[in-house]
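The values are calculated or read from the model by the stated rules, or taken from the named source; none is laboratory data. Computed from a prediction, not measured in an experiment: that's the story for all the values here. Please note: Cβ atoms are built from the backbone with ideal geometry, for glycine as well, and neighbour counts cover all protein chains shown.
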């Protein structure tokens, strides 16, 4: 879940992309994250997590977001024109979603999207370049080297630490 120098700190704005059974969210909130956002497309999982973490949601410390919800003009009326300009078949990228969610900073970015990790990183390129968040990326052995190369190409002086199926960048 963490490596020295690559853990959630009190007050951090944390973004989690991909599947989460609640363990990471519980960890981030327990560490004192000022705000956590879970971005996951699975409606069953997001509904379950929204119920499980309803107190954190009510307190404004957690948002559970499905990217497809951001395509709904009813959900984000003022952003409808911007979303209409984007190709409708493509899921919004992290770089597109964060401004829509009003997030002005990202201190820690956790990604758990096996098989789609490189695409998620590509869609988070601007976020990573701008905020230089600490990163925790779950990966499989087949994509680990490619993920590490992709993060290095972003031009940030990250130090990588591997722990099992996790890559941490600090």
Among (1) assigned to a loop (DSSP other than H, G, I, E, B); (2) modelled with pLDDT under 90, the one test that residue 45 misses: (1)
Positions within the range 85-105 being over 16 Å from residue 40 (Cα atoms) and modelled with pLDDT of 80 or more, in sequence order: 99, 102, 103, 104, 105
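Please count how many residues of the range 30-42 are assigned to a loop (DSSP other than H, G, I, E, B) and either in contact with a helix residue (DSSP H, G or I) (Cβ under 7 Å, 6 or more places away or on another chain) or more than 25 Å from residue 92 (Cα to Cα) (or both).
4
Based on this model, can you work out whether residue 102 counts as surrounded by fewer than 12 Cβ atoms within 10 Å (Cβ to Cβ), more than 15 Å from residue 6 (Cα to Cα) and touching a helix residue (DSSP H, G or I) at 6+ places or on another chain (Cβ under 9 Å)? Can you show your working first?
Details: surrounded by fewer than 12 Cβ atoms within 10 Å (Cβ to Cβ): yes; more than 15 Å from residue 6 (Cα to Cα): yes; touching a helix residue (DSSP H, G or I) at 6+ places or on another chain (Cβ under 9 Å): no.
The answer is no for residue 102.
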Residue 32 vs. criteria surrounded by fewer than 14 Cβ atoms within 10 Å (Cβ to Cβ) and under 15 Å from residue 106 (Cβ atoms): no
The range 20-42: number of residues that are at pLDDT 85 or above, out of contact with any strand residue (DSSP E or B) (no Cβ under 7 Å at 6 or more places or on another chain) and within 13 Å of residue 66 (Cα to Cα): 0
Test: residue in the range 106-115 that is at pLDDT 85 or above, touching a helix residue (DSSP H, G or I) at 6+ places or on another chain (Cβ under 6 Å) and farther than 22 Å from residue 43 by Cα: yes
Residues of the range 116-139 classified as at pLDDT below 90 and out of contact with any helix residue (DSSP H, G or I) (no Cβ under 9 Å at 6 or more places or on another chain), total: 2
Members of the range 7-29 that are crowded, with 21+ Cβ neighbours inside 10 Å and out of contact with any helix residue (DSSP H, G or I) (no Cβ under 9 Å at 6 or more places or on another chain): 24, 28
